[in-house]
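The values are calculated or read from the model by the stated rules, or taken from the named source; none is laboratory data. Computed from a predicted structure; not experimentally measured. We place every Cβ from the backbone using ideal geometry, glycine too, and count neighbours over all the protein chains shown. These area figures cover heavy atoms from the full protein model, side chains too; ligands, DNA and RNA do not enter into them. Shrake-Rupley method; radii C 1.70, N 1.55, O 1.52, S 1.80 Å.
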Amino acid sequence: MKKMILPVILVISLITGCGVANNNPADNTSIVSRVFEDIPKGEIIFANQFETVSEYPFKNDMMEMLYLNSLTEPDPLAPPGGSSIDDFTGIKDDWPTEYLHPDMPVYTKGRISSWNIWDNYNPYDIFIIIKDTNQEDLDEYILELEARGFYESSGYYSKDLFSVHFEFRSKDKLKINSYKTEPEEWPEEILGFMPPPRKGYLTYVGLEMGESVWGDLRFIEMTEEDIEEYGNDLLAAGFKLDEYGNYIMENVRLNGKTFDEFSGFFERYDTRDWIFYFSFKNY
C-alpha cells in the first residue's frame, strides 16, 4: 500500500501546487523560483509542461478511495477536502453491531479508530480499526469468540455465514475484517434429482460442460456428522454408495440429455467446509 501511496502523494503535490516553503519571510522570491534561475532554459520549458496538470485535478471519488484504503495503514491520509472522518467511516466510536454476527462480542480493549464497508454491494464486508491494543488483548477476545460458538478455519473465525479475521497493522493497531457469505439457491436445473442437505449452507455451484461434464458444490457449516447424515439422505433418495465413497445415480437428465451415470464424492476443504465433486457420464 505504501508503495502506491507515496507516488500518489507526489502527484497530488503537483496537482495542488505544493512546493518548498519559503523560510525567509523577508524574501518575496520563493526558493523554487531562485532554484529555477540556475536551471537551463530547455529544462525549465520541459518542467513547465506539467503546469497543465492542475487543470485536471483528481476527482472526489478517487480521493475518497485513496483515503479509505489508507485507513488500514499505520499512518492514514487526512480526510480529503477538510471533511470529517465520520463522513467516510460511519459511526467513528461505535461498535458496528448491525453488520456483524449477532453473537460477535464487542471488542472492549483499546479504542475504535474507524470502521468502514469494503464493498458498497455488501454492507457485511467491513473492517474495523482498533488502536491501543495488543496480542494479549486479542487472545482474550478470541477465547470469548470461541465460547460463543466461533471456530478457527484457515486463519479465520467462523460461525454460520460470517467469517472474522484479525491482523495487526502495527504494534498497537489491530484490523478486524468481518465478512458475510451469501448462500446459493439449490441448483434444481442441474441437480433436481438430488436432495439438498438439511444442515449447513451451499455457497458455490460450479458446472463445466464440454467433452466431459463435471462440477462441484461447496458447503459450509457442516460437521462430519452432518455429511454422514446427508449421505444417508442420498441413499434414501435412490443413490448407491460404491466402495470408493462415490454416490451414484443411474439414468439422470441434464439440459434435456440423459446420462448413464451421475457420481459424486465429498472431500473436506476445511474444518466445516466441504466440496462435493460430481460428474455426468455415458458408458
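Within region 95-118, track down each residue that is out of contact with any strand residue (DSSP E or B) (no Cβ under 8 Å at 6 or more places or on another chain) and assigned to a loop (DSSP other than H, G, I, E, B). If the condition is that a residue be out of contact with any strand residue (DSSP E or B) (no Cβ under 8 Å at 6 or more places or on another chain) and assigned to a loop (DSSP other than H, G, I, E, B), then PRO102, PRO105, VAL106, THR108 are the ones that fit.
Contact map, region 178-190: residues that are over 14 Å from GLY200 (Cα atoms) paired with residues that are in a loop (DSSP other than H, G, I, E, B) and among the hydrophobic types (A, V, I, L, M, F, W, C), Cβ distance under 7 Å, separation 6+ or inter-chain. Pairs shown: SER178/LEU100; LYS180/LEU161.
Yes/no matrix, rows are residues, columns are (1) of a type in the set (D, E, K, R); (2) open to solvent by less than 90 Å² (accessible area, probe 1.4 Å); (3) in a strand (DSSP E or B):
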{"position": "PRO183", "(1), (2), (3)": "no, yes, no"}
{"position": "ASP216", "(1), (2), (3)": "yes, yes, yes"}
{"position": "ILE227", "(1), (2), (3)": "no, yes, no"}
{"position": "LEU235", "(1), (2), (3)": "no, yes, no"}
{"position": "GLY238", "(1), (2), (3)": "no, yes, no"}
{"position": "ILE248", "(1), (2), (3)": "no, yes, yes"}
{"position": "ASN251", "(1), (2), (3)": "no, no, yes"}
{"position": "GLU261", "(1), (2), (3)": "yes, yes, yes"}
{"position": "GLY264", "(1), (2), (3)": "no, yes, yes"}
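Condition check: open to solvent by less than 50 Å² (accessible area, probe 1.4 Å), acidic (Asp, Glu) and at pLDDT 90 or above. Does ASP103 satisfy that? Answer is no for this residue.
Would you confirm whether or not region 140-153 contains a residue that is in contact (Cβ under 8 Å) with a residue 60 or more places away in the chain and open to solvent by less than 50 Å² (accessible area, probe 1.4 Å)? For region 140-153, residues in contact (Cβ under 8 Å) with a residue 60 or more places away in the chain and open to solvent by less than 50 Å² (accessible area, probe 1.4 Å): present.
Scanning region 199-214 for residues that are buried (at least 17 other Cβ atoms within 10 Å of the Cβ) and either within 12 Å of PHE262 (Cα to Cα) or among the small types (Gly, Ala, Ser) (or both) turns up GLY200, VAL213.
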